[in-house]
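This report concerns only the one structure given below.
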Amino acid sequence: MSTAIPEITFDAFQPAHRADPYPEYRRVRDATPLLPFELGDVPVTLVTRYEECAAVLTGAHWGHGYTAGISPFRDSTAAIPGSFVRMDPPEHGRYRKLVAKAFTPKTIAELSPLAGRVVDDLLDAALERGTLDVLNELAVPLAVAMIPVRLLGGDPARAADFRAWQLAIARGSDPDALLTDDAVAARGIAARDCLTYFAGLVERKKSAPTDDLLSELVAAAAAGGELTQPEVVGMALLLLVAGMETSINLIGNGMLALLRNPDQLALLRERPDLIAPALDEMLRYDAPTQFTIRVALEDTTVGGKRFRRGDGVVVLTGSAGRDGRVFADPETFDVTRYAGNRPARKHLGFSLGIHFCVGAPLARLEAEVALRALLARAPELALATETVDYQPSLIHRGIVALPVTW
Ligand code: HEM
């Protein structure tokens with residue numbers, strides 16, 4: 001007697017699933033933790049369940065493999081000097097250490113009053129207008145004020161350029177095999193313009209340093225040894241892209257989840273102490289970063305499957321967040337999930353292991369300040385549209401606009 005083995009397909013990378021990839025993730029996750037998949041012409045394995053995702057992210061045998069020349073992924077951003085998100089030890093740690101000092105609890109606490117002022121001014125203007133698009137009129141200008149302007153000392157008058165550059169580059173962060181020719185071309189133009197801008201800014205910070213991370217990195221480069229000028233420019237681009245798209249989408253996706261779950265919105269209004277743990281639930285439930293990639297640096301085993309050096313995997317962290325094997329009621333958005341003494345398992349929204357998001361404290365600050373002020377000042381918030389559109393990106397999950405009434 002023969003048993004038919006049903007073929008497992010995966011469709012969530014198709015535009016049809018953009019509004020809600022989670023049912024498709026669940027179907028595949030329930031079928032298998034590890035699915036062989038063709039990413040364009042690159043054979044990879046999709047990692048669908050929490051435990052296997054966590055094992056890859058924290059495993060010493062996994063990394064990016066660009067330095068070793070073994071990556072099957074063609075990712076042009078990996079070639080940008082200083083872009084340490086795609087580097088392996090020891091180079092990775094050398095760069096990460098230089099920016100980590102900008103995200104210590106003390107430095108982040110010092111940024112809190114600025115974030116508060118920016119949000120208050122934006123909400124004052126919205127109240128006067130009577131309309132608000134939470135994404136473009138709150139999350140975007142807040143991220144511009146905090147990252148390219150405050151952290152990198154860029155010119156606030158270039159706000160529209162910062163947003164346009166990071167959007168085109170973020171869209172182009174999907175594996176090249178999944179991108180259209182137009183998206184690849186737009187990414188190239190944006191990266192060139194953005195690098196040119198930061199090269200000029202670095203020159204200016206050399207002669208006239210200001211109180212920001214970029215000036216510190218410029219000083220470290222001038223001191224010699226640790227860092228070159230092109231690396232400083234590349235790190236600025238990395239911080240702009242890694243920081244803006246994601247922190248904007250945390251506010252957008254998180255606010256959308258609240259508006260679609262009015263009981264949770266009401267609870268948060270009553271108990272603002274739940275805002276901080278609610279951010280973790282937002283990162284679990286509808287994460288701004290849906291997946292990341294890794295390469296086996298040595299022969300190794302995950303979930304009982306043998307991987308050979310140079311094999312590529314797509315770690316579906318967005319799917320891991322809904323894995324019922326580790327999260328109770330995974331499809332329920334519950335702002336108390338991470339509150340109290342027995343919090344849920346750590347979500348993978350900021351990744352795990354050596355690449356764990358270095359900017360997480362800043363992302364939390366931005367989102368907490370924005371949500372706190374919005375809930376306090378807009379008592380009757382409601383969605384002003386039935387449907388929302390998503391950016392045409394796979395790694396980054398974010399909506400195009402979030403108009404609300406109040
Ligand atoms: C909610 C907002 C954010 C989310 C969801 C997020 C998510 C992530 C994730 C998933 C990674 C790891 C990628 C991997 O393992 O391959 C990462 C790394 C990184 N993030 Fe974030 N991020 C956010 C905000 C920020 C901010 C505000 C900054 C800085 C301004 C930032 C800078 C970085 C950098 C530089 C890395 C590379 C770290 C490394 O490779 O060691 N992120 N982020």
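The values are calculated or read from the model by the stated rules, or taken from the named source; none is laboratory data. Since we're looking at a predicted model, the values are computed, not measured. With ideal geometry, Cβ positions are generated from the backbone for all residues, glycine too; neighbour counts draw on all protein chains shown. Keep in mind that these areas ignore ligands, DNA and RNA; they rest on the heavy atoms of the full protein, side chains included. Shrake-Rupley method; radii C 1.70, N 1.55, O 1.52, S 1.80 Å.
A few points about this structure:
- Rounded percent of accessible protein surface that carbon and sulfur make up, the chain, 1.4 Å probe: 55
- Entry for the chain at q = 0.07, 0.09 Å⁻¹: log10 I(q)/I(0) = -0.32, -0.54, Debye formula applied to identical alpha-carbon scatterers, no solvent contribution.
- Length released on extending from ARG269 to ALA223, taking residue separation times 0.36 nm less the Cα-Cα span: 11.6 nm
- Count of Lys pairs (Cα-Cα under 27 Å; at least 8 positions apart or interchain) in the chain: 11
- The residues of the range 15-405 have, on average, 41 Å² of accessible surface per residue, using a 1.4 Å probe with all protein chains present.
- Length available on full extension from GLN14 to GLU110: 0.36 nm per residue minus the Cα-Cα distance, which gives 30.3 nm.
- Most to least packed among 127-138, 43-54 [average Cβ atoms within 10 Å]: 43-54, 127-138
- Local electrostatic count, VAL335, Cβ distance below 12 Å [Lys/Arg +1, Asp/Glu -1]: -2
- Counted charge near ASP41, where neighbours are those whose Cβ lies closer than 14 Å (Asp, Glu -1; Lys, Arg +1): -1
- Cα centroid of the range 250-309 to Cα centroid of the range 65-113, whole Å: 21
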